[in-house]
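Beneath this line is the structure, given in structure tokens, with notes to follow.
The values are calculated or read from the model by the stated rules, or taken from the named source; none is laboratory data. It should be emphasised that the depicted structure is a prediction, and the values quoted were computed from it without experimental measurement. Don't worry about glycine lacking a Cβ; one is built from the backbone with ideal geometry, like all the others, and counts go over all protein chains shown.
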Amino acid sequence: MDQTTAASIMSIYGSLVYLSTLVGGWLSDRVWGSRKTVFYGGVLIMLGHIVLALPAGVTALYASIALIVVGTGLLKPNVSDMVGGLYSVEDRRRDAGFSIFVFGINLGSFLAPWLVPWAAQGFGFHIFGNEMNFHAGFSLAAIGMFFGLVQYVWGGKKYLSPESLTPNDPIDRGDLLNIIKWVVIGFVVIALVLAAMAGFGQLNVDNVITLLTILAIALPIYYFVMMLRSSKVTKVERSRVKAYIPLFFAAAIFWGIEESGSVVLALFAAQRTVLHIGNWHFTAANFQSLNPLFIMILTPIFVWLWEHWKKQPTAPGKFAAGLVFAGLSYMWMALPGMLYGTAGKVSPFWLVGSWFLVEIAEMLISPIGLSITTKLAPEAYRSQMMSLWFMADATGQAVNAQIVKFYSTGTEVQYFMAVGLVSVAFAVIMFFLVKRINVLMEGVH
């Protein structure tokens with residue numbers, strides 16, 4: 001498989017993970033409630049890693065991916081919604097609480113690249129000889145999720161609200177039959193599209209990726225239209241949904257840049273970076289630890305800032321500032337090619353600087369976005385609104401799946417500058433729209 005296709009697949013896989021949050025949000029709002037939906041999602045993720053731990057070949061790989069994608073879709077939007085439920089809308093600790101939540105996620109992200117290889121190498125005893133046993137590594141993830149589910153059930157009884165056990169907008173029989181009808185129609189349409197592509201000789205990986213990109217862009221548009229036209233949404237809630245639209249686009253641009261760390265920056269690390277500092281040698285994959293490392297370093301700083309900064313910017317202002325830093329992280333990566341050319345290898349500190357800048361952006365956008373989404377969500381669409389937040393990531397990665405095709409060593413300067421300038425340009429637009437968005441938010445800050 002060529003590099004371009006592999007990079008596109010990586011991006012679209014990430015997009016599918018976040019697309020599945022739409023299903024999780026709907027099931028929470030209409031069927032199970034957030035607490036049960038999170039539990040079922042955790043079980044599926046655990047099962048996915050159990051399947052990966054079995055030496056059953058390619059079939060097990062695809063089955064595990066399906067389980068993990070669906071499980072993440074059930075868990076991700078609803079656990080965030082429950083974090084919001086721990087605080088009142090007026091509680092000043094709310095943004096700090098979401099920052100701590102994000103810190104916990106990244107603590108796991110930082111430890112995993114070290115613990116999983118440790119397990120794969122025989123848990124420190126080299127029981128597999130000199131070979132890496134990835135099945136043992138995946139088993140560690142399954143064990144971790146099992147204990148996570150145990151503490152979730154016990155801790156939930158004490159800390160989570162009783163409302164999390166019931167759906168916000170329970171489905172009735174008429175709605176259920178209508179949903180089943182549209183699901184069947186959807187599967188039939190997908191089957192017909194794939195059959196038509198096969199008939200014309202166009203059923204290949206690249207075209208399927210393009211189809212999924214279109215889906216990832218169309219779905220959030222549909223959801224915004226649905227909520228704005230819904231009779232279940234009040235006038236004030238409708239205004240808040242309108243305020244959320246530019247925040248969604250800003251988040252999509254940010255996540256497109258941030259998630260490129262596992263695609264474009266990973267390629268830059270492997271192809272264009274000196275992989276040692278003095279006598280210390282490392283691999284290109286080790287750079288992936290920079291993301292969670294910087295988040296863990298920056299989170300307490302920003303938690304303190306949000307708790308003590310009395311006249312801090314509103315959410316739209318923070319988003320705009322975040323986009324500036326995200327754009328600068330890419331424009332920074334254009335500099336080594338401009339200064340030294342693209343033929344040789346450059347210092348690893350270029351990547352360190354880029355990750356530092358984009359993680360400042362994440363501090364200004366990710367926890368703030370989680371918090372503001374719970375505040376702006378219509379009551380009947382609370383979990384589905386959280387799914388929309390994650391859809392911004394899906395949209396950003398889906399667009400990445402297309403534009404990454406233009407990245408190569410020879411085009412890196414133009415690529416980094418173009419994407420960086422798009423982010424900064426939208427930030428400027430956001431700065432001009434801050435007052436208007438604040439008005440539409442109807443008292444939410």
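Quick one: would you say residue 169 is among the charged types (D, E, K, R), surrounded by 12 or more Cβ atoms within 10 Å (Cβ to Cβ) and either modelled with pLDDT of 80 or more or in a helix (DSSP H, G or I) (or both)? Write out each step before concluding.
Working: among the charged types (D, E, K, R): yes; surrounded by 12 or more Cβ atoms within 10 Å (Cβ to Cβ): yes; either modelled with pLDDT of 80 or more or in a helix (DSSP H, G or I) (or both): no.
For residue 169, the condition - among the charged types (D, E, K, R), surrounded by 12 or more Cβ atoms within 10 Å (Cβ to Cβ) and either modelled with pLDDT of 80 or more or in a helix (DSSP H, G or I) (or both) - is not met.
Tell me, which residue of the range 392-414 that is of a type in the set (Ser, Thr, Tyr) and either assigned to a loop (DSSP other than H, G, I, E, B) or without any contact (Cβ under 8 Å) to a residue 24 or more places away in the chain (or both) is nearest to residue 11 (Cα to Cα)?
Looking at the filtered set, the residue picked out is 407.
Inspect the range 83-91 for any residue being at pLDDT 80 or above, crowded, with 17+ Cβ neighbours inside 10 Å and in contact with a helix residue (DSSP H, G or I) (Cβ under 6 Å, 6 or more places away or on another chain) and give the result as yes or no.
Of all residues in the range 83-91, those at pLDDT 80 or above come to 83.
Filter once more, keeping what is crowded, with 17+ Cβ neighbours inside 10 Å: 83.
Now restrict to residues that are in contact with a helix residue (DSSP H, G or I) (Cβ under 6 Å, 6 or more places away or on another chain): 83.
Within the range 83-91 (the criterion being at pLDDT 80 or above, crowded, with 17+ Cβ neighbours inside 10 Å and in contact with a helix residue (DSSP H, G or I) (Cβ under 6 Å, 6 or more places away or on another chain)), the answer is yes, since at least one residue qualifies.
Name the residue, out of 63, 96, 53, that is small (Gly, Ala, Ser), touching a Gly at 6+ places or on another chain (Cβ under 9 Å) and touching a residue at least 60 places away in the same chain (Cβ under 8 Å).
Numbers: 63 fails: touching a residue at least 60 places away in the same chain (Cβ under 8 Å); 96 fails: touching a Gly at 6+ places or on another chain (Cβ under 9 Å).
Unique residue meeting the criteria: 53.
Out of everything in the range 270-292 that is among the aliphatic types (A, V, I, L, M) and surrounded by 17 or more Cβ atoms within 10 Å (Cβ to Cβ), what residue ends up being farthest from the chain's Cα centre (by Cα)? It would help to see each step written out before you state the result.
Filtering the range 270-292 down to residues among the aliphatic types (A, V, I, L, M) leaves 270, 274-275, 277, 284-285, 290.
Remaining after also requiring surrounded by 17 or more Cβ atoms within 10 Å (Cβ to Cβ): 284, 290.
Working: 284: 22, 290: 17 Å.
Only one residue tops the list, namely 284.
Give me the residue from the range 230-247 that is of a type in the set (A, V, I, L, M, F, W, C) and surrounded by fewer than 21 Cβ atoms within 10 Å (Cβ to Cβ) and, out of that set, nearest to residue 324 (Cα to Cα).
If we filter the range 230-247 for residues that are of a type in the set (A, V, I, L, M, F, W, C), which is where we start, we get 233, 236, 241, 243, 245, 247.
Narrowing further to those that are surrounded by fewer than 21 Cβ atoms within 10 Å (Cβ to Cβ): 233, 236, 245.
Details: 233: 33, 236: 30, 245: 19 Å.
The extreme case among them is 245.
Only one of 314, 342 is modelled with pLDDT under 95 and in contact with a His (Cβ under 7 Å, 6 or more places away or on another chain). Can you tell me which?
Numbers: 342 fails: in contact with a His (Cβ under 7 Å, 6 or more places away or on another chain).
Testing whether each residue is modelled with pLDDT under 95 and in contact with a His (Cβ under 7 Å, 6 or more places away or on another chain) leaves just 314.
Could you run through the range 22-34 and say how many residues are touching an Asp or Glu at 6+ places or on another chain (Cβ under 9 Å) and part of a helix (DSSP H, G or I)?
Pass one, the range 22-34, residues touching an Asp or Glu at 6+ places or on another chain (Cβ under 9 Å): 25, 28-30, 33-34.
Applying the additional criterion that residues be part of a helix (DSSP H, G or I) yields 25, 28-30, 34.
Qualifying residue count for the region: 5.
Just need a number here: residues in the range 313-348 that are farther than 30 Å from residue 440 by Cβ and in a helix (DSSP H, G or I). Show your work before the answer.
Of all residues in the range 313-348, those farther than 30 Å from residue 440 by Cβ come to 331-348.
Still in the running and in a helix (DSSP H, G or I): 331-340.
Qualifying residue count for the region: 10.
Got at least one residue in the range 174-188 being touching a Lys or Arg at 6+ places or on another chain (Cβ under 7 Å), loosely packed, with under 13 Cβ neighbours inside 10 Å and within 30 Å of residue 442 (Cβ to Cβ)? Before the answer, list the steps.
From the range 174-188, those touching a Lys or Arg at 6+ places or on another chain (Cβ under 7 Å) are none; that's our starting set.
The answer is no, given that none of the residues of the range 174-188 is touching a Lys or Arg at 6+ places or on another chain (Cβ under 7 Å), loosely packed, with under 13 Cβ neighbours inside 10 Å and within 30 Å of residue 442 (Cβ to Cβ).
Can you find a residue in the range 160-180 that is closer than 30 Å to residue 55 by Cα, touching a residue at least 12 places away in the same chain (Cβ under 8 Å) and not basic (Lys, Arg)?
Let us first name the residues in the range 160-180 that are closer than 30 Å to residue 55 by Cα, namely none.
Scanning the range 160-180, I find no residue that is closer than 30 Å to residue 55 by Cα, touching a residue at least 12 places away in the same chain (Cβ under 8 Å) and not basic (Lys, Arg), so the answer is no.
Got a sec? Which of 332, 389 is touching a residue at least 24 places away in the same chain (Cβ under 8 Å), within 26 Å of residue 80 (Cβ to Cβ) and aromatic (Phe, Trp, Tyr)?
Working: 332 fails: within 26 Å of residue 80 (Cβ to Cβ).
One residue alone meets the criteria, 389.
Return the total of residues in the range 14-63 being surrounded by fewer than 21 Cβ atoms within 10 Å (Cβ to Cβ) and at positive phi.
Residues in the range 14-63 being surrounded by fewer than 21 Cβ atoms within 10 Å (Cβ to Cβ) and at positive phi: 1 in total.
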